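*Asks:* This structure is in structure tokens; I'll ask about it shortly.
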Amino acid sequence: MRILIVSSFLLLSFLSSCVTDTKKTELTQPANTSTIKKSEIDKTNKLYAYFTDNPQTQDQKDENALIDYAIDKGLDVTRTASGMYYVLEKEGTGTVLMQSQPFKAHYSGYFMDGKTFDSSLDRGEPIAATVGAMIPGWNEALKTFKVGSKMTLLIPSRLAYGSRGFPGFVPPNTPLIFDLEILPLI
């Protein structure tokens, strides 16, 4: 009887670990690889290098959510050392901005479910601010990409509004997506 209980427990443990890895396994070991390009499988495997089974921390939960978002949307993202992901849609020809430098940008900010929470495009006027005065994910992008660049940023909550959120707009611990275009200061 004791052996049966231990065996049952081991089997249930094994099965539950398989279930939590379902999405990862489907993408890293597709059933029919003839219909999936090798480059797509390689991108997925590269993303899942940062995936955490059974995430415990907010960073791990955000990372998994951003990876799943990128894969679900078919985005060819690049990960920065900070843990932000981006897709550079158009490289600018201007200079890279520096700390405390003024900038203008058009943007749309939205949640991973697609709901927009703010957009300069909807207002018809770009934001004007200084580098360093924005959320950390934006500050990083502004100091990385040239003026004229257009990108999509996938920002973990700690590089967005963190555990405090932005009352009335962004709940605490919420990863965010931004479409951002850095405009010339003309």
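*Asks:* If ASP113 meets every condition in (1) closer than 28 Å to PRO171 by Cβ; (2) more than 12 Å from the chain's Cα centre (by Cα); (3) surrounded by 14 or more Cβ atoms within 10 Å (Cβ to Cβ) apart from one, which number is that one?
*Replies:* Here ASP113 clears every test but (3).
*Asks:* For the stretch 44-63, what are the residues that are in a helix (DSSP H, G or I) and at pLDDT below 95?
*Replies:* THR44, ASN45, LYS46, LEU47, TYR48
*Asks:* A follow-up question, please. Among LEU88, LEU97, which is the only one that is in contact with a helix residue (DSSP H, G or I) (Cβ under 8 Å, 6 or more places away or on another chain), crowded, with 16+ Cβ neighbours inside 10 Å and touching a residue at least 60 places away in the same chain (Cβ under 8 Å)? Walk me through it before giving the result.
*Replies:* On the way: LEU88 fails: in contact with a helix residue (DSSP H, G or I) (Cβ under 8 Å, 6 or more places away or on another chain).
On inspection, the qualifying residue turns out to be LEU97.
*Asks:* Consider the stretch 111-159. How many of its residues are touching a Phe, Trp or Tyr at 6+ places or on another chain (Cβ under 6 Å) and among the aromatic types (Phe, Trp, Tyr)?
*Replies:* 1
*Asks:* Quick one: would you say LYS115 is in contact (Cβ under 8 Å) with a residue 12 or more places away in the chain, basic (Lys, Arg) and under 30 Å from GLY74 (Cα atoms)?
*Replies:* It is false that LYS115 is in contact (Cβ under 8 Å) with a residue 12 or more places away in the chain, basic (Lys, Arg) and under 30 Å from GLY74 (Cα atoms).
*Asks:* Right, something else. What residue, of ALA160, ALA129, ALA105, is exposed (fewer than 15 other Cβ atoms within 10 Å of the Cβ), modelled with pLDDT of 95 or more, among the small types (Gly, Ala, Ser) and out of contact with any Lys or Arg (no Cβ under 8 Å at 6 or more places or on another chain)? So that I can check it myself, show each step before the final result.
*Replies:* Working: ALA160 fails: exposed (fewer than 15 other Cβ atoms within 10 Å of the Cβ); ALA105 fails: exposed (fewer than 15 other Cβ atoms within 10 Å of the Cβ).
Result of the check over ALA160, ALA129, ALA105: ALA129.
*Asks:* In this structure, does ILE186 turn out to be without any contact (Cβ under 8 Å) to a residue 40 or more places away in the chain and among the aliphatic types (A, V, I, L, M)?
*Replies:* Judged against the criteria, ILE186 is a match.
*Asks:* Filter the stretch 51-71 for residues that are hydrophobic (A, V, I, L, M, F, W, C) and touching a residue at least 24 places away in the same chain (Cβ under 8 Å) and give the result.
*Replies:* Once the filter is applied, which keeps residues that are hydrophobic (A, V, I, L, M, F, W, C) and touching a residue at least 24 places away in the same chain (Cβ under 8 Å), the stretch 51-71 yields PHE51, ALA65, LEU66, ALA70, ILE71.
The values are calculated or read from the model by the stated rules, or taken from the named source; none is laboratory data. Only a predicted model underlies this, so the values are computations on that prediction, with no experimental measurement involved. Please note: Cβ atoms are built from the backbone with ideal geometry, for glycine as well, and neighbour counts cover all protein chains shown.
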